[in-house]
Structures are given as C-alpha cells and as structure tokens.
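The values are calculated or read from the model by the stated rules, or taken from the named source; none is laboratory data. Just so we're clear, the structure is a prediction, and the values are computed from it rather than from any experiment. Positions of Cβ are backbone-derived with ideal geometry, glycine not excepted, and every protein chain shown enters the neighbour counts. These accessible areas exclude ligands, DNA and RNA; they are computed on the full protein's heavy atoms, side chains included. Shrake-Rupley method; radii C 1.70, N 1.55, O 1.52, S 1.80 Å.
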Amino acid sequence: MVANGLMMLPFFNGERVPPLPRAKASLHNLNTSNMNQQNFILAAVESATYELRFGIELFRKQGIEINEIRLTGGGARSKKWRQIVADVMNTPVICVTNQEAAALGAAIQAMWCDSLTEEKDKQVQLAHFCQHFVHLDEETRTIPTPETAALYDVFYQDYLSLLTTEYPEVKI
C-alpha cells in the first residue's frame, strides 16, 4: 500500500474527469528511497484509482448512493487491484462474469431502447434486462479493509491537494 510517498498524476493522454484535455502525466515526491519498480507501479495503480474515485465523488455529490462497484476489464482480474479499489472507494467491489462487458452493456441498452415504445415502467424494464444478462462473480467480491480505507482517504485528500495545485481550474 502507498508507494512510499511517490504520487502520480496519471494524465498520459489528458483527462476527461476532471476535464483536463491537455494535462500531462507527472511524478511527485520522487527520491532515492522510493525510486523503484514496485513504487512506480503502485503509484500508477493508486493514481488511476483516485481518478475513478474522483468520478464516483461527483455522483455522491449529486446524492447518488454507491453501494457496490462492479469492475470489468483486464485489471479487474487482479486481486490486489480489486482490494485497492475497495479500499480507496471504501465500497465493496465485485466483477461481472462477462469479459466483454462493454459489448454486453451496449446490447442491453439497445434492447432497453427498443422496449421503450411498450407501456412498461422504464426502470423496471432496465432492471429486468440487467438481472437477466449481468451475472456477478462472487469469488471476486472484495470488501474494504477499514484501517486501509481510512489511510487511503487521507492519501486521496493529498492527491486532491496535488491535483488542484497543479491544475487550479479543477474545482472540488
């Protein structure tokens, strides 16, 4: 946990959330004691996860409650990353069984849009499609560790401080 003080702003191709299309990636707090491969990798993983939390926090500010996070993609296969996500978000994490989740999501959305002409409750119809087609891999369920989640909350605040120092246009 925590890359021995090394922090990264992971904007290799700009960033969409927050909207920083011209932002550049950068490393901070680099010194001889934390300059190693393990810390570089951990700083990259943690910073990418902080960016996910930034987006989740936008939902929370709108009053949307987040009870569980569903992960997809190659990184979701990593037990270590799932734990980092659970701890940074302080929210349980689980993966879907379908490895082509983006295509599945598009198909569900297409079916739902096609069904909107029927006289049914739109939310009920979408929930029905999701229950029928989206399956969860219970073996991947990851619960936040309270002590680690508390530490990551402090580190996330440090990350936000760095972010707003480097990019004052970001409003928190």
Using 10 Å bins from zero, what percent of all Cα-Cα pairs in the range 43-172 falls into each bin? 11, 33, 32, 18, 5, 0
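Summing -39500 (n - 2.57) over the DSSP H runs of n ≥ 4 in the chain and dividing by its residue number, what mean residue ellipticity at 222 nm do you reach, to the nearest 500 deg cm²/dmol? List each step's numbers first, then the result.
Details: 5 runs with 84 residues, N = 172.
Counting only the DSSP helices, I get -16500 deg cm²/dmol.
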Could you please state, rounded to a whole Å, how far the C-alpha centre of the range 61-88 is from the C-alpha centre of the range 3-44? 20 Å
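What FRET efficiency do you get for Ala107 and Ile64 if R0 is 30 Å and r is their Cβ-Cβ distance, rounded to the nearest 0.05? Show your work: numbers first, answer last.
On the way: r = 24 Å, r/R0 = 0.81.
Working from the Cβ atoms, E equals 0.80.
Computing the accessible area with a 1.4 Å probe over protein heavy atoms, can you report the carbon and sulfur percentage for the chain?
Details: 5930 of 10760 Å².
Answer for the chain is 55 percent, counting heavy atoms of protein chains only.
Can you pull the Rg over Rh of the range 1-43, Cα-only, Kirkwood?
Working: Rg = 11.6 Å, Rh = 11.0 Å.
Radius of gyration over Kirkwood radius for the range 1-43 works out to 1.06.
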Under 26 Å from the Cα of Lys24, which lysines turn up, not counting those fewer than eight places away in the same chain? Lys171
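Find the accessible area per residue for the chain; the probe is 1.4 Å, ligands and nucleic acids are left out, and the unit is Å². Don't jump to the answer; show the numbers that get you there.
Values: 10760 Å² over 172 residues.
Counting only protein heavy atoms, the per-residue value for the chain is 63 Å².
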Using a 1.4 angstrom probe and counting only protein chains, how large is the accessible area of Val96 in Å², to 10? 20 Å²
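Compare Glu68, Glu166, Glu147, Glu139 by solvent-accessible area with a 1.4 Å probe and give them largest first, with all protein chains kept in place. Working shown, then result.
Details: Glu68 60, Glu166 85, Glu147 130, Glu139 170 Å².
Final ranking, largest accessible area leading: Glu139, Glu147, Glu166, Glu68.
I need to check one value: relative contact order of the chain, counting alpha carbon pairs closer than 8 Å and at least 6 residues apart, in percent. Let's see the in-between values first.
Numbers: 198 pairs, mean separation 34.8, N = 172.
Once normalised by length, the contact order is 20 percent.
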Taking the square root of 5λ for each eigenvalue of the C-alpha gyration tensor of the range 111-154, the equivalent ellipsoid has semi-axes, largest first and in whole angstrom, of 37, 14, 7
How far apart, in nanometres, would the label points at Ser78 and Asp121 be if each is projected 7 angstrom from Cα along the Cα-to-Cβ direction? 4.1 nm
Per residue and in cubic angstrom, what volume does the convex hull of the Cα atoms of the range 84-128 have? 100 Å³
Of all DSSP beta bridges having both residues in the range 4-117, the percent classed as antiparallel (nearest 5) is 50 percent
